[in-house]
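Visitor: Before we start, here is the structure in question, set down as structure tokens.
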Amino acid sequence: MRSRRSRRIRVPQPSRAPASFTTSASPATILVVDDSPVNLQVLVRILDGSGHRILAARSGKSALEIAERARPDLMLLDVMMPDMDGFAVCRAIKSRPVTRDIAVIFLSALGEVEDKVAGLGLGAADYITKPVQAEEVLARVSNHLAMQRLERELRRSRDLLDQELASAAEMQRLLLPHPLPEIPGMQIAAHYSTSRHVGGDYYDILPLPDSRCGVFIADVSGHGAPSAIIMAMIRALLHAYPAPPVDPAAVLKYINRHFKFLWGSSILATVLYAVIDPGRPSITMATAGHPPPLLFRGDAARPLACDGSIPLLLMDTPAIPTFEDDLARGDRLLFFTDGITERHNSNGEMYEMERLCEAFRASSNWPVAGALEQIVADVEVFAAGRESGDDQTLVLAALPEHL
């Protein structure tokens, strides 16, 4: 155990506080803690005239009580005190949610590197070795109060940005169909999640003439606000289509023409639009760079073979192939964005199409909403806690065997 050293401070009082210390910012509260009345008085005299509120404590226990009650911005804390030393006080301060943001500056005759490292390791902001110099104390206190103010302003700005992004996310979700429309002879469920507050994925379910149904799914490149803006524009164009949107290729061409101002830019969107007729039953589909849906039939799931064009928003697309195929009662179709198949786990492995097919097959006995929950759960089990780097969308459309 180290021997106790004298903590008497002999400091010349500066004529006035440095200009950097006396600022126009709101006054701070500073708590000075030292078991020596003389040292305590000198430290208070050093800080006098700063314009800040100065509090004093002569023991670790009283320092904690004052800190809990007054919530000081900064604490000048002696290390060598009886009963409860400065290290124990700092440890307690940093362990309590209401006091953990207090900036702690240690004052001690212990000048060994290991002592300084120990104090900083407890969360202290700085360490001043005794005998102290008044100018040094004032400068360090001023610097840490300035940094604390900047951190608080940054935190407020970040909180405000989070609130604005959360509002934007809520507005974006209002663009999605809710509740999903009821289509005779079909059951539909959807899952949508963004990698950030807002994203570039979009899906829609459109009731069409003759009890048909349009399933639209898109994935705008990138993330965040730019992708979300393009997503909202695509949604507006889809709903402004001048006729019933029963021709998938014509719908995609219409959307692409209205983005001529983006042709040649780095922004693109993969899009798939399918018209499902549950009465025949059949599917008519066009895709622009988007992965085709999975078809579950019998006891197997596979991607539908479908030729497509390049993604939209890049250039003119004069020819977009149309795919047609028959469906059967009991079939299920799973539409998705590549945020699902390209989801990574902690080993850097991707979820891939094969695993999605198996999860789709394994969920086939569930109602559509429960089936999607099972698939999403399998994706999360695979990811094992690693956050998604992309938006994720799933739309499951089923043709039940019995109407």
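Visitor: Taking 8 Å as the Cα distance limit and 6 or more residues as the minimum spacing, I'd like the relative contact order of the chain as a percentage.
Guide: Reported relative contact order: 13 percent.
Visitor: For residue 304 and residue 129, calculate 0.36 nm times their separation in residues minus their Cα-Cα distance, and state this gained length in nm to one decimal.
Guide: 55.6 nm
Visitor: Do you know the relative contact order of region 29-156, to the nearest whole percent, from alpha carbon pairs under 8 angstrom that are 6+ apart?
Guide: Dividing the mean separation by the residue count of region 29-156 yields 21 percent.
Visitor: Suppose R0 equals 60 Å; then what is the FRET efficiency for residue 95 and residue 243 from their Cβ-Cβ distance, rounded to the nearest 0.05?
Guide: 0.35
Visitor: Could you pull out the chymotrypsin sites (Phe, Trp or Tyr not before Pro) across region 237-277 that fall in loop regions by DSSP (anything but H, G, I, E, B) with no more than 15 other Cβ atoms inside 10 Å?
Guide: For chymotrypsin sites (Phe, Trp or Tyr not before Pro) across region 237-277 that sit outside H, G, I, E and B with at most 15 neighbouring Cβ atoms in 10 Å, the list reads 263.
Visitor: To continue, here is another question. Determine the dipole magnitude for region 175-398: charges of +1 sit on the beta-carbon of Lys and Arg, -1 on that of Asp and Glu, nothing else is charged, the reference point is the Cα centre, and the result goes in debye to the nearest 20. Don't skip to the end; give the middle numbers.
Guide: Numbers: 15 positive and 26 negative charges, 90 e Å.
Approximately 440 debye in magnitude.
Visitor: For residue 160 paired with residue 374, estimate the spin-label separation in nm (one decimal), with each label point 7 Å from Cα along the Cα-to-Cβ line.
Guide: That separation, rounded to one decimal, is 4.9 nm.
Visitor: Among residues other than residue 231 whose Cβ falls under 12 Å from its Cβ, what is the net charge (Lys/Arg +1, Asp/Glu -1)?
Guide: -2
Visitor: Between residue 342 and residue 68, what's the calculated FRET efficiency when r is the beta-carbon distance and R0 is 45 Å? Round to 0.05.
Guide: The computed FRET efficiency comes out at 0.35.
Visitor: Let me ask something else about it. Tilt of helix 37-47 relative to the longest C-alpha principal axis of the chain, in degrees (0 to 90, nearest 10)?
Guide: 60 degrees
Visitor: With Rg and the Kirkwood Rh both taken from Cα atoms, where does Rg over Rh land for region 29-156?
Guide: Result: Rg/Rh = 0.93.
Visitor: List the residues of region 274-289 whose backbone N lies under 20 Å from a point placed 7 Å from the Cα of residue 401 along the Cα-to-Cβ direction.
Guide: Under cut-off, by backbone N: 278-282.
Visitor: What is the list of residues in region 279-297 whose amide nitrogen lies under 16 Å from a point 7 angstrom out from the Cα of residue 326, following Cα to Cβ?
Guide: From region 279-297, the list is 279-284, 297.
Visitor: Short version: what are the Cα gyration tensor semi-axes of region 238-314, square root of 5 times each eigenvalue, largest first, in whole Å?
Guide: Semi-axes, largest first: 26, 17, 7 Å.
Visitor: Any idea how far the Cα center of region 279-348 sits from the one of region 113-164, in Å?
Guide: Taking the Cα centre of region 113-164 as reference, the centre of region 279-348 is 56 Å away.
Visitor: On to the next question. May I ask you to list the lysines whose Cα is less than 28 Å away from that of residue 61, ignoring any residue fewer than eight positions away on the same chain?
Guide: Once the sequence-local lysines are set aside, what remains near residue 61 is 94, 116, 130.
Visitor: Is it possible to state the helix-based mean residue ellipticity at 222 nm for the chain, with each DSSP H run of 4+ residues giving -39500 (n - 2.57), the sum divided by total residues, to the nearest 500 deg cm²/dmol? What is it? Can you show the working numbers first?
Guide: Working: 10 runs with 138 residues, N = 403.
Value at 222 nm, helices only: -11000 deg cm²/dmol.
Visitor: Taking the Cβ of residue 202 as the center, what net charge do the other residues with Cβ under 13 Å away carry, scoring Lys and Arg +1 and Asp and Glu -1?
Guide: Details: positive: 173, 235; negative: 201, 204, 219, 391.
Neighbourhood net charge equals -2.
Visitor: Which angle between 0 and 90 degrees, to the nearest 10, do you get for helix 352-362 versus the longest principal axis of the chain when only C-alpha atoms count?
Guide: 70 degrees
Visitor: Related question: Pick from 374, 41, 148: which is most flexible by mean-square fluctuation in a GNM of the chain where alpha carbon atoms under 10 Å apart are linked?
Guide: Taking springs between Cα atoms under 10 Å, the residue moving most is 41.
Visitor: Give me 382, 87 ranked fewest to most by other Cβ atoms within 10 Å of their Cβ, as a rough exposure proxy.
Guide: 382, 87
Visitor: Right, something else. Out of all DSSP beta bridges with both ends in the chain, state the antiparallel percent to the nearest 5.
Guide: In the chain, approximately 70 percent of DSSP beta bridges are antiparallel ones.
Visitor: Can you tell me the 0 to 90 degree angle between the C-alpha axis of helix 86-95 and the longest principal axis of the chain, rounded to 10?
Guide: It works out to around 20 degrees.
Visitor: Can you tell me the order of 96-103, 366-373 when each peptide is scored by its average per-residue count of other Cβ atoms within 10 angstrom, highest first?
Guide: 366-373, 96-103
Visitor: For every other residue with a beta carbon closer than 11 angstrom to the beta carbon of residue 212, add +1 if it is Lys or Arg and -1 if Asp or Glu, then tell me the sum.
Guide: Every neighbour counted, the sum reads -1.
Visitor: What are the ³J(HN,Hα) values, in whole Hz, obtained from phi via the Karplus relation 6.51 cos²θ - 1.76 cosθ + 1.60 with θ = phi - 60°, for each residue of region 325-330 in sequence order, with x given for Gly and Pro?
Guide: Result, rounded to whole Hz: 7, 7, 10, 9, 4, x.
Visitor: I need the calculated FRET efficiency for the pair residue 170 and residue 266, taking r as the beta carbon distance and R₀ as 25 Å, to the nearest 0.05.
Guide: That pair, residue 170 with residue 266, gives E of 0.30.
Visitor: Over region 194-326, what relative contact order in percent results from Cα pairs under 8 Å that are six or more residues apart?
Guide: So the answer I get is 24 percent.
Visitor: According to the Kirkwood expression over distinct Cα-Cα pairs, how big is the hydrodynamic radius of the chain, in Å?
Guide: 26.1 Å
Since every read-out is calculated from the coordinates, none of them should be taken as a lab result. Source: prediction; values computed, not measured. No Cβ is skipped: glycine too gets one built from the backbone with ideal geometry, and neighbour counts run over all protein chains shown.
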